[in-house]
Ligand code: CA
């Protein structure tokens, strides 16, 4: 799940980014409203966390402009201003949820999961292929009726392959799903994750297309 964090408080942003990466999100952080709008235009995330008190523009204006062009990306607003009128204004402008600072990271994670679940239930949040069933809301995989533990990279990889069943995904496309913006990628990292997935699922689940990439072999 790719998440755009819009927050100008650098220490809060650093702590949040780390905590959210540990929860399995690929986090892109910007500190200004105009940078947020640009990021959404050039590379839309799956979810946005938006602080309302930004240095260059009001977070509510960011939200207003965002909703003029993109109605669907779920937005959770963060506010230090604990006033009801601001929350209502945010929700009226199309925010999906809000959290008042200070907040607990587990609560934030729960809210984000609920938001992605709502998004998922609108689009079908369970992917199936062969005897695999991948729940996008809880990130749980079952093979037959057995649960299979996946690392967050393995999850992202399998999800991409399942979402694109019948197609060959290039290395570049898969690496784009695995890593956040600007993150350093070791040259054999993708092969290592593919190897682990094959070991957990079975060797013939993922097909190597030489010189191009990978595809899911399951019906
Ligand atoms: Ca702020």
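The values are calculated or read from the model by the stated rules, or taken from the named source; none is laboratory data. None of the values given here were measured: they were computed from a predicted structure. Note that we place each Cβ from the backbone using ideal geometry, even for glycine, and neighbour counts take in every protein chain shown.
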Review point. Restricting to segment 19-34, what's the tally of residues that are more than 13 Å from the chain's Cα centre (by Cα) and surrounded by fewer than 18 Cβ atoms within 10 Å (Cβ to Cβ)?
Key: 4
Study note, to complete from the structure: Exactly one of 37, 16, 50 is buried (at least 21 other Cβ atoms within 10 Å of the Cβ), touching a residue at least 12 places away in the same chain (Cβ under 8 Å) and assigned to a helix (DSSP H, G or I), and that one is 16
Exercise for review: Determine if segment 165-178 includes at least one residue that is assigned to a strand (DSSP E or B) and within 25 Å of residue 131 (Cα to Cα).
Suggested key: yes
**Study point:** Members of segment 182-218 that are without any contact (Cβ under 8 Å) to a residue 40 or more places away in the chain, closer than 20 Å to residue 131 by Cα and in a loop (DSSP other than H, G, I, E, B)
**Key:** 202, 203, 204, 217
Revision key, fill the gap. Checking 56, 92, 106, 43 in turn, the sole residue that is out of contact with any helix residue (DSSP H, G or I) (no Cβ under 6 Å at 6 or more places or on another chain), modelled with pLDDT of 90 or more and surrounded by fewer than 14 Cβ atoms within 10 Å (Cβ to Cβ) turns out to be 106
Review point. When residue 104 is evaluated against the numbered criteria (1) within 16 Å of the ligand (Cβ to nearest atom); (2) farther than 24 Å from residue 177 by Cα; (3) under 22 Å from the mean Cα position of the chain (by Cα), which criterion, by number, is the only one it fails?
Key: (1)
Study note, to complete from the structure: When segment 53-82 is checked residue by residue, the ones that are in a loop (DSSP other than H, G, I, E, B) and within 15 Å of the ligand (Cβ to nearest atom) are 54, 55, 56, 57, 80, 81, 82
